[in-house]
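Below is one structure, written out as C-alpha cells; comments come after it.
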Amino acid sequence: MDPFNFNGIVKEEEFEYFTGAAADGYTPSTWAGAGAAADGSSPSSWDGAGALVELPRPMDGLGEAGPTPFLNKTYEVVDDHSTDTVVSWGVAGNSFVVWDAQAFSMVLLPRYFKHSNFSSFVRQLNTYVSLTTSDW
C-alpha cells in the first residue's frame, strides 16, 4: 500500500514528481536536491540538508506577552458599539472620549474591572499615556 495515496488523494510533491512539472512551471530537475532519494522514493521537502526553517520572531522590545489585561479590557469597552453613548472613539479614531463619567464608573467599570472608581481608571490609564500642555 502506498502511504501517500489515500483513496485517490496524492501528496502534491508525489504528483509533481511523477508528472514532471509543478504548478509553478518548474520541473523536478530544477528543484534543490532534485532526483530520487537513495531508496528510490520521490524527493521530499524533508530531504537534503535537514535545516529547519526559522520562524518569524516578534520585533525586539514588543515582548511576547502582548498588551496588558488593562489595555485589552479598555479597548473592549471603548470598541463596543453598544456603549457609544457612554464611551466611544474620538473623531480621528486614535483616542476615546468618556461622555458620561457616572454611567461609565457605575455600569461599565464593574463589568470589566474589579472596581467602579473612575479616578483609579484614569490613574492607571495615565501610566500608558503621557499628555503635554500642547495636547490641551
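Read-outs: derived from the displayed coordinates by stated rules, not from any lab. Everything numeric in this text was worked out from a predicted model, so none of it was measured. Here the Cβ is made from the backbone with ideal geometry for all residues, glycine too, and neighbour counts use every protein chain on show.
Structural remarks
- Using θ = phi - 60° in the Karplus curve 6.51 cos²θ - 1.76 cosθ + 1.60, the 3J(HN,Hα) couplings for segment 110-127 round to x, 5, 10, 10, 8, 8, 10, 9, 4, 5, 5, 4, 5, 4, 5, 4, 5, 6 Hz; x is entered for Gly and Pro.
- Cα-projected label distance for residue 72 with residue 85, points at 7 Å along beta-carbon direction, nm: 3.0
- Under 5 Å between amide hydrogens, built in the peptide plane, is the criterion, and for residue 87 it picks out 99 among residues at least 5 positions away or on other chains.
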